[in-house]
Amino acid sequence: MFTSHKIVIAEDHAILREGLKALLSAEPDFDVIGEAQDGRDAIRLAERMKPDMILMDLSMPRMHGTEAIREISKRTPQTKILVLTVHKNEDYIFATFEAGAAGYVVKDASYAELAGAIRAVLQGQQYISPSISAGVIKGYVEGNKRRHLETLWGALTPREREVLKLIAEGYRNKQIADMLCISVKTAEKHRAQVMKKLDLHTVSALTAYALERGLIGG
């Protein structure tokens, strides 16, 4: 049986909203049942109409799209949200997905891409415009790496950080022991703990990490 998906368009520019409505209404599987000119209207229509999808702009008056996404995701979680925006910044993208969006399309995309994104999201997939996806993946990986490094650094005691710095500067266990007024055995123990906590097992790897942390000059 043929299914027509109910869609609400949330966009503050009337001419763009009307153009999107005309294009989407021409598709046999899309049924535009409502239009919102700001985030508050989008929330109200989501609760009243229970659409399958809201096509959501971000920069709108009264309530930003990201806040509206968060509210709609709480109140009508069955409604899928596809962002359509000019913003290509990674912070916007991460924020909207965290708020509950299922897709992100930039406004310089073609209509064919938009229609494909709508269908993909309606089928339960996530979608990001190809023109920005590579940057998003890079940002995600780099963000994870930074968080991982912070976690590792936080696991070291102040003494272990001192030992790490001295190892990276090229000092051996006996020299480290003398400089810190500890026994060689204790210096060796600290060294082993640093390697274990950081999961780095060579002097070169420890030196590279110390450089990343700014403990020594490059």
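The values are calculated or read from the model by the stated rules, or taken from the named source; none is laboratory data. All values reported here derive from a predicted model rather than from experimental measurement. Each accessible area value is taken on the protein alone, full model and side chains, heavy atoms only, with ligands, DNA and RNA left out. Shrake-Rupley method; radii C 1.70, N 1.55, O 1.52, S 1.80 Å.
Which entries of K21/K107; K50/K88; K21/K74; K6/K88; K50/K107; K74/K107 show an alpha-carbon separation above 19 angstrom in the structure shown?
Check vs 19 Å cut-off fails for K50/K88; K21/K74; K6/K88; K50/K107; K74/K107.
Can you send over the solvent-accessible area of I128, 1.4 Å probe, protein chains only, in Å² to the nearest 10?
Only protein atoms counted, so the area is about 50 Å².
Cα-Cα pairs above 25 Å in the chain: how many percent?
Summing the P(r) tail past 25 Å for the chain gives 53 percent.
Per 5 Å bin from zero, what fraction in whole % of the C-alpha pairs of the range 25-95 is there, up to the bin with the longest pair?
Answer for the range 25-95: a P(r) of 3, 17, 29, 25, 16, 9, 2, 0 percent.
Which order do D108, D31 take when ranked by solvent-accessible area (1.4 Å probe, heavy atoms of all protein chains), largest first?
In descending accessible area the options line up as D108, D31.
So what is the relative contact order of the chain, in percent, for Cα pairs below 8 Å that sit 6 or more residues apart?
Result for the chain is 12 percent.
Per residue, how big is the convex hull of the range 16-64 when only Cα atoms are used? Give it in Å³.
In the range 16-64, the Cα convex hull volume per residue is 68 Å³.
With the cut-off at 16 Å, report for the range 151-218 the share of all Cα pairs above it, as a whole percent.
37
Please calculate how many Å² of accessible area the chain carries per residue, with a 1.4 Å probe and no DNA, RNA or ligand atoms counted.
54
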